[in-house]
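All remarks here apply to the structure that follows.
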Amino acid sequence: MKEYEIKLEDIQRILLGEVPFHFFVEVILRTAAIYLILMVSMRLMGKRMSSQLSRNEMAAVASLAAAVGVPLMNPDRGLLPAVVIAGVIISLQMLIAWIATKNIKFEAATQDKYNMLIKDGMLNVQAMALTRITQDRVLAQLRSESISHLGMVKRLYFEAGGSFSLLKMNTPIPGLSSIPKWDQEMSERIHSLTEQELCAWCGSYKPGRNATKCNNCKKDVWVYAVRNHKDANR
């Protein structure tokens, strides 16, 4: 389109573009066909496509979206190439999934491995650095699981699919509070302070009265561990 052909008062061009009006009927048919292709493709690739997606599955979904998006609004592009591309993507995804069930190393290479973010009430700083998970993100996850301090957690795993798995302590120990510092009212309502000092960042117990740095994360800020009122009364 030439520059002189662009006019702000050309409402028909702004709303309809350069295609004839009857193309919008075709768009409806194309949309229905594309939707059917996507539904069939997702069904053939398995139930996991409607749950937590792995890297391969996410790549497959993105590829499908890119393939079917072109013929959806482009009148000079047919639907058959999108069907062929969808078939190739489905075949590759099914092949990768089949090989992954037979070969553990291949599964680890394509799906990644899980990481342990909390061990025995203490943050695993190496795993957090590797996965680029922040302390705030971990504490937020604990709060979503109704965990008010790290001493309640035996293990927190960061799964290969991006989800979290939590194992609780049978008997909670004093730990670092997961309640935000600004919500002191809530912390006082459910927590009682102990005499045990620990690292304000990772929850590692202070190794000695004269210790200056945490052995786990090398930070030098200490706070008192907390426990829930109901645990303190046991």
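The values are calculated or read from the model by the stated rules, or taken from the named source; none is laboratory data. Given the structure is predicted, the values throughout are model-derived calculations rather than measurements. So basically every Cβ, Gly included, is an ideal-geometry build from the backbone, and we count neighbours across all protein chains shown.
Key figures
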read-out	value
Test: Arg234 is charged (D, E, K, R) and either modelled with pLDDT of 90 or more or closer than 25 Å to Asn115 by Cβ (or both)	no
Cβ pairs under 7 Å, 6+ apart, first in region 154-166 and assigned by TED's automatic domain parsing to the domain that holds Leu139, second among the acidic types (Asp, Glu)	Lys154/Asp120; Ala160/Asp112; Ser165/Glu159; Leu166/Glu145
Residues that are surrounded by 18 or more Cβ atoms within 10 Å (Cβ to Cβ) and either touching a residue at least 40 places away in the same chain (Cβ under 8 Å) or of a type in the set (Ser, Thr, Tyr) (or both), drawn from region 119-134	Gly121, Met122, Leu123, Val125
Hits in region 164-214 (condition: over 13 Å from Asn228 (Cα atoms) and assigned to a strand (DSSP E or B))	Phe164, Ser165, Leu166, Leu167, Lys168, Glu195, Gln196, Glu197, Leu198, Cys199, Tyr205
Count of region 137-163 residues which are under 19 Å from Met122 (Cβ atoms), charged (D, E, K, R) and not in a helix (DSSP H, G or I)	3
Set Ile37, Ile14, Ile85: member being modelled with pLDDT under 65 and in contact with a Leu (Cβ under 9 Å, 6 or more places away or on another chain)	Ile14
Candidates Met42, Met49, filtered to the one that is surrounded by 15 or more Cβ atoms within 10 Å (Cβ to Cβ), under 30 Å from Ser163 (Cβ atoms) and at pLDDT below 65	Met49
Residue within region 97-105 that is in the same structural domain as Val40 (by TED's automatic domain parsing), among the hydrophobic types (A, V, I, L, M, F, W, C) and surrounded by 13 or more Cβ atoms within 10 Å (Cβ to Cβ) present	yes
